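Reviewing the structure listed below.
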Amino acid sequence: MGAPLAVVAAVARTVAQLWDKPLLGVNHCVGHIEMGRMVTGAHDPTVLYVSGGNTQVIAYSQRRYRIFGETIDIAVGNCLDRFARVLKISNDPSPGYNIEQMAKKGQKLVELPYTVKGMDVSFSGILSHIEEVSHKMLASGECTPEDLCFSLQETVFAMLVEITERAMAHCGSQEVLIVGGVGCNLRLQEMMGIMCEERGAKLFATDERFCIDNGAMIAQAGWEMFRSGQVTTLEDSWITQRYRTDEVEVTWRD
Amino acid sequence: MEVQRALEFTLSVPFPSPLNARIAHGALSPDPEPRKAEVSKELTVVENLLHVRWRAAEARLLRVSINSFLDHLGLVVETMEQFGPPVPR
């Protein structure tokens, strides 16, 4: 992601100077969270941030979005996308969407590794396992591609719901907000909704217009930062691909 | 230990005004060279000219750095054309 960051930074710095306006550097995940909070009206949610590049469970405490758990290898969206390639599932409109549709026709739950490690999760082993066994199982008629889509979704989403629930228990939180591209998945929303209902908590989720990366989320987080008095000087506006969610001081919340 | 930087390259880019040159400087300066130890790049502004001076030990690294700089410079110039001229201040 170095090249797109460099491009947008150069343009943003130029425009800020041309128009003599303040510049604000925004953390990507904080963009997702702030837009999600604004769009759904969630007040102080436990956040599940799931996309092609990140998988984190986050809760706010004392001016930081703190990471309670995360993937120790690949992101859940990356796991789904690569699984789609193994099964030669179409990229149109997106691999995740097609997996979701196929999963609705799944009949059989194929047992897959369930890899929750404390508050963290791991997806690379599940992917390797599927890569190894899927073609054999499909050739022998042991299961269908739809069964595999269904089984993979059920397994990885159950893992995500588990660590989200544990974070809620830690914080005494009664709200969950799902953000990031994988957050579009209605089955994930449904499973999270069941967990929330059992705990008397409330689920906040959005559709693909807000889940998928967009400029408005950066604008919203930037606006919150600006309102609380932050600006980024040109010298401090260097880009980085290693900018963790908990590095940001959240000056706009109590 | 000072790395040997045998190769040098300089570039002077004229802008329509000193302010435009300063804006380009501000837009292109913040990001550090990915391989700081092996390539150094200095940007300065004199009047309406943006001066850039590279020093590097290896031609390969020098070329990569110059190429990337020219790409970003082109982007900044296009942005100025699209969204400029600078507001009076």
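The values are calculated or read from the model by the stated rules, or taken from the named source; none is laboratory data. Please read all numbers here as calculations on a predicted model, not as lab measurements. Every residue, glycine as well, gets a Cβ built from its backbone with ideal geometry; the counts of neighbours run over all protein chains shown. Heavy atoms of the whole protein, side chains included, go into the accessibility calculation; ligands, DNA and RNA do not. Shrake-Rupley method; radii C 1.70, N 1.55, O 1.52, S 1.80 Å.
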Note, region A:95-111: 3J(HN,Hα) by Karplus (6.51, -1.76, 1.60, θ = phi - 60°), whole Hz, Gly/Pro = x, goes x, x, 5, 5, 4, 4, 5, 5, 4, 4, 9, x, 10, 10, 8, 7, 6
For region A:79-146, listing chymotrypsin sites (Phe, Trp or Tyr not before Pro) in a DSSP loop whose Cβ sees at most 16 other Cβ atoms within 10 Å gives A:Tyr114
Once amide hydrogens are built 1.01 Å from N within the peptide plane, the residues lying 5 or more places from A:Val47 or on another chain with amide H under 5 Å from its amide H are A:Ile58, A:Ala59, A:Leu177
For region A:176-223, the dipole about the Cα centre with charges only on Cβ (Lys and Arg +1, Asp and Glu -1), to the nearest 20 debye, works out at 100 debye
Under 5 Å from the placed amide H of B:Leu50, counting only residues 5+ away or on other chains, we find B:Val13, B:Phe15
Interface buried area A-B, accessible surface with 1.4 Å probe, both sides summed, nearest 100 Å², comes to 1500 Å²
For A:Arg166, the accessible surface traced by a 1.4 Å probe with all protein chains present amounts, in square angstrom to the nearest 10, to 80 Å²
Answer in debye to the nearest 20: the dipole magnitude of region B:7-83 about its Cα centre, from +1 Lys/Arg and -1 Asp/Glu charges placed on Cβ, is 220 debye
In whole percent, the fraction of accessible protein surface over the protein assembly as shown that belongs to carbon or sulfur atoms, probe radius 1.4 Å, stands at 53 percent
Treating only Lys and Arg (+1) and Asp and Glu (-1) as charged, each at its beta carbon, one finds that chain A has a dipole about its Cα centre, in Debye to the nearest 20, of 240 debye
Dipole check, chain A, charges on Cβ (K,R +1; D,E -1), about Cα centroid: among A:Ser61, A:Val50, A:Trp223 the Cα furthest to the positive pole belongs to A:Trp223
As straight-line cross-link partners of B:Lys41, the qualifying lysines (C-alpha separation under 17 Å, not fewer than 8 residues apart within one chain) are none
Per-residue accessible area, 1.4 Å probe, largest first, puts A:Ser140, A:Ser173, B:Ser29 in the order A:Ser140, B:Ser29, A:Ser173
When chain A is treated as a Gaussian network with springs between alpha carbons less than 10 Å apart, the largest mean-square fluctuation among A:Thr40, A:Thr240, A:Thr71 is found at A:Thr240
Karplus-derived 3J(HN,Hα) from phi for region A:117-128 (6.51 cos²θ - 1.76 cosθ + 1.60, θ = phi - 60°), whole Hz, x at Gly and Pro, runs 10, x, 8, 9, 10, 9, 10, 5, x, 4, 5, 4
Spelling it out for A:Thr71: with amide H atoms placed in the peptide plane at 1.01 Å from N, the residues 5 or more places away or on another chain with amide H under 5 Å from its amide H are A:Thr55, A:Val121
Count of lysine pairs, chain A, Cα-Cα under 22 Å, sep. 8 or more residues or interchain, comes to 6
In region A:1-49, accessible area falls by at least 10 Å² from chain alone to full assembly (1.4 Å probe) for A:Ala6, A:Val7, A:Ala10, A:Val11, A:Arg13, A:Thr14, A:Val15, A:Gln17, A:Leu18, A:Trp19, A:Asp20
Under the Karplus relation with 6.51, -1.76 and 1.60 and θ = phi - 60°, whole-Hz ³J(HN,Hα) for region B:74-89, x at Gly and Pro, equal x, 5, 5, 5, 4, 4, 4, 5, 6, 10, x, x, x, 5, x, 9
Taking only protein heavy atoms and a 1.4 Å probe, the highest-to-lowest accessible-area order of B:Phe15, A:Phe150 is A:Phe150, B:Phe15
